[in-house]
Structure formats: structure tokens, C-alpha cells
Amino acid sequence: MIWFDLDNSPHVPLFLPVFTELNKRGISYDVTARDFAQTLDLLKMWDVQHTAIGAHGGKSKIKKIINLFQRKAELSKYIKGKYRNNVKPALAVSHGSRTQLVASRSLGIKTLLMMDYEFTETRIFNRYADVILAPVFIPNERFSSNGIDLKKVIRYNGFKEELYLCSFAALPDFRKSIGVDENEVLAVVRPPGMLGNYHDSRSEELLIHALNHLSSHKNCVVLITSRSQKDRDYINANVSKKNNIRFLEKAVDGLELVSTADIVLSGGGTMNRESALLGTKTFSIFTGKRPYLDEYLAELGRLKFIETKQEIESIAVERITEKVSYEFNKNIVNDVTDIIAETAGMKK
């Protein structure tokens, strides 16, 4: 049995195709998930059997540390319960779950960690992960300069988002389901991760200016996909209420959302890469250390970094009907599942 721990919304679509492939191969797996952002809602929406354990620790470093050990204890208790049924995970897999890494080490379970941001806080990753699975594009120097042990790193050919983008087909009437007219310009805005380890408050200024710029166009619907109540409160306190600014109130398929959007502007992360790879005009207001993958997409002309208010004002707010997507690696799901299965000591 392979144990997956999903602690953030993007991890749900990421691992869905892997779960499907494991089902085809007859390999059993168990899923735990943290109550954060839309993680649990998405698991329910896609009917993934899971056990909800723990929540986010908040922005305070002290609370994060306390939460780390609390959730580690909860995860350990859950997995020990599995032992009583003579089922021990052959491998623990996550995309950045520190709590799973610590719990797995205490239980003697081998770990595979997926990561694609080389500047994240990596001490726990480097110490507790047995295998680090990363995109082939990120140079070794980016990892080694941040303390990652290259002997642990295994590469796969592509972006992690390709695992699910390679089989994505957009629904023609998705806009109706979110109340947006075909003639309206749709700008999807993802606030910066205000609770994240890598957060830089400079991006908040750019966020507010972007919301004001986009909403000043009457034919533009600005749809905000908030991460937490903190960013929603911050926006409500700093942006005047307008009819064309909305918060996304329920979990939806994020790929459909960025695919139908004309503009995606985000504080960094998965949504930006999904949007850029699908050919939507994509802007990053992430002001921390730039991920190599985002820099690579910028070099390809698929993503633009925004650093000043003047650059925000230069964003053309217009309807886009023709997009050119990235050429996806069609074998990436098999390739990644092979690596996971082999690391777990199971046959392909």
C-alpha cells in the first residue's frame, strides 16, 4: 500500500491521474488530506476516498511548528491504526507535506517527496525525504545552492501540471456555470499565499492595484479565488466593493477556470503554470525568489512577471478567443507512476 498525503488544493488534480493509473495496475493506496483552501472540497467533488486529518497552522512560525507536531501525531496515530490490520505503507508520497515526512520517519516508512520550487524552506525536505522527485528543467545548481542533496533527486520529463493537463479537454459551456457571459472579459485572480513560508508582502500592493485596474473595465468580470479567510478579509478592507468583483464561492475545476479565462493573475504557484501552459495570458505578482520553472515559462513568452504598478496598468483587458497550448508529454503519468511504484518496491 502507498500512502499519499495531500495538504493543499493543487495536490488533488496532481495526484488524480496517478490514482487512476495505480488502480489500473492493481496497486492499493490510502489518502489523507489537510483541511486547507479547497483541498477537501476538491476531493469530494472528484469522489476520492480520503481521511481528513488536521488543518493549516496559520502564518505564525511558532504556530506552524506546533501544528507540525500536532498533525504529525495525528497522522502517526492514523497509520498505526492501519498496522493493526497488517497493512503497512511501502511508501509515503506527497508534494511538500512536511508533517507526512516527519511522521513517516518516526514510523520507519520510506518517503518520496515531489517538489518544484527550489527556494522553499527545505531543511525538513532534505533531512527526511528518501527520494526527491522533481522536473527535469530545474538546474542542479538551483537545488544544490539551497542545500538539496542531489543524490536523492530523481527527474521526470515535464512540469508537474502536465500530469493532468495532458488529458484535459475544456467544456464549451463552463462560463455559464460560473455566471460569466461569453462576451465578457474574465480575469481570474489568485491572491499571494499570505500564510505561506515564502510570502513577501510587496505582492499585496500589486494585488490591490491589479484588482482596481481590472475592475475599472466595466466589461470585465474579476473572479477571485481566495486561498484563506485572511486574504479575503485583506481584499475586502482594501478594495471598494464593485459589482464586477466576485469571490469564487464554491470549488470548481481549476483547469476549466483558467482555460476559459482571458487573463490569469496570481501570486505565484500552480495556477500560473496551468494557465501559461494552456495558453491563457498569465501574469505573476510573486515578489519572492522566482521559481526556475516560472522563469522558463517567461523565456518561452507564456508568463510575464509584474513588478510595478505601471506594468499592471499596461495589461490589456480584452477578450481572447484563440489560444496555443504547450506541447505536453503524453507519457508523463506512466513515467511518474513508474517511479513511485519502483520506489515502493512494486512492479510496473
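The values are calculated or read from the model by the stated rules, or taken from the named source; none is laboratory data. Since the structure is predicted, the reported quantities are computational estimates derived from the model, not experimental observations. Glycine gets a Cβ as well: all are built from the backbone with ideal geometry, and neighbour counts include every protein chain shown.
Points worth noting:
- A count restricted to the stretch 46-82 and to residues that are of a type outside the set (A, V, I, L, M) and buried (at least 19 other Cβ atoms within 10 Å of the Cβ) stands at 6.
- Residue check for Leu214: within 21 Å of Lys281 (Cα to Cα), assigned to a helix (DSSP H, G or I) and in contact with a Gly (Cβ under 9 Å, 6 or more places away or on another chain): no
- Members of the stretch 223-267 that are more than 18 Å from the chain's Cα centre (by Cα), basic (Lys, Arg) and under 22 Å from Lys281 (Cβ atoms): Lys242, Arg246
- Among residues of the stretch 85-111 being over 21 Å from the mean Cα position of the chain (by Cα) and of a type in the set (Lys, Arg), the one that is farthest from Phe19 (Cα to Cα) is Arg105.
- Of note, Ala37 does not satisfy the criterion of being in contact with an Asp or Glu (Cβ under 8 Å, 6 or more places away or on another chain) and either modelled with pLDDT of 95 or more or assigned by TED's automatic domain parsing to the domain that holds Lys77 (or both).
- Hits in the stretch 37-62 (condition: closer than 21 Å to Arg190 by Cα and either without any contact (Cβ under 8 Å) to a residue 24 or more places away in the chain or among the aromatic types (Phe, Trp, Tyr) (or both)): Leu40, Ala55, Gly57
- In the stretch 1-45, the residues that are touching a Pro at 6+ places or on another chain (Cβ under 8 Å) and surrounded by fewer than 21 Cβ atoms within 10 Å (Cβ to Cβ): Met1, Asp30
- Which listed residue is in a helix (DSSP H, G or I), over 26 Å from Phe4 (Cβ atoms) and in contact (Cβ under 8 Å) with a residue 12 or more places away in the chain, from Ile312, Ile340, Ile320: Ile312
- Filter result for the condition that a residue is closer than 18 Å to Cys166 by Cβ and surrounded by fewer than 16 Cβ atoms within 10 Å (Cβ to Cβ), over Leu277, Leu300, Leu293: Leu300
- Qualifying residue in the stretch 256-264 (condition: more than 21 Å from Phe159 (Cβ to Cβ), among the charged types (D, E, K, R), touching a helix residue (DSSP H, G or I) at 6+ places or on another chain (Cβ under 7 Å) and outside any loop (DSSP other than H, G, I, E, B)): no
- Checking each residue in the stretch 226-255 for being surrounded by fewer than 20 Cβ atoms within 10 Å (Cβ to Cβ), in contact (Cβ under 8 Å) with a residue 40 or more places away in the chain, part of a helix (DSSP H, G or I) and among the aliphatic types (A, V, I, L, M) picks out only Ile235.
- Any pair with Cβ under 9 angstrom, 6 or more apart, that starts in the stretch 13-31 at a residue that is assigned by TED's automatic domain parsing to the domain that holds Leu43 and closer than 14 Å to Val336 by Cα and ends at one that is of a type in the set (A, V, I, L, M) and at pLDDT below 95: Arg25/Met346
- Residue within the stretch 139-150 that is free of Cβ contacts under 8 Å to residues at least 12 places away in the same chain, outside the structural domain of Gly254 (by TED's automatic domain parsing) and either touching an Asp or Glu at 6+ places or on another chain (Cβ under 6 Å) or acidic (Asp, Glu) (or both) present: yes
- Qualifying positions in the stretch 56-70 - touching a strand residue (DSSP E or B) at 6+ places or on another chain (Cβ under 8 Å) and outside any loop (DSSP other than H, G, I, E, B): Asn67, Gln70
- Of all residues in the stretch 118-155 being under 20 Å from the mean Cα position of the chain (by Cα) and small (Gly, Ala, Ser), the one that is nearest to Leu14 (Cα to Cα): Ala134
- Qualifying positions in the stretch 303-348 - farther than 30 Å from Ser28 by Cα, surrounded by fewer than 19 Cβ atoms within 10 Å (Cβ to Cβ) and not charged (D, E, K, R): Phe305, Thr308, Gln310, Ser314, Ile315, Ala316, Val317, Ile320, Thr321, Val324, Ser325
- Test: Lys80 is over 15 Å from Val31 (Cβ atoms) and part of a helix (DSSP H, G or I): yes
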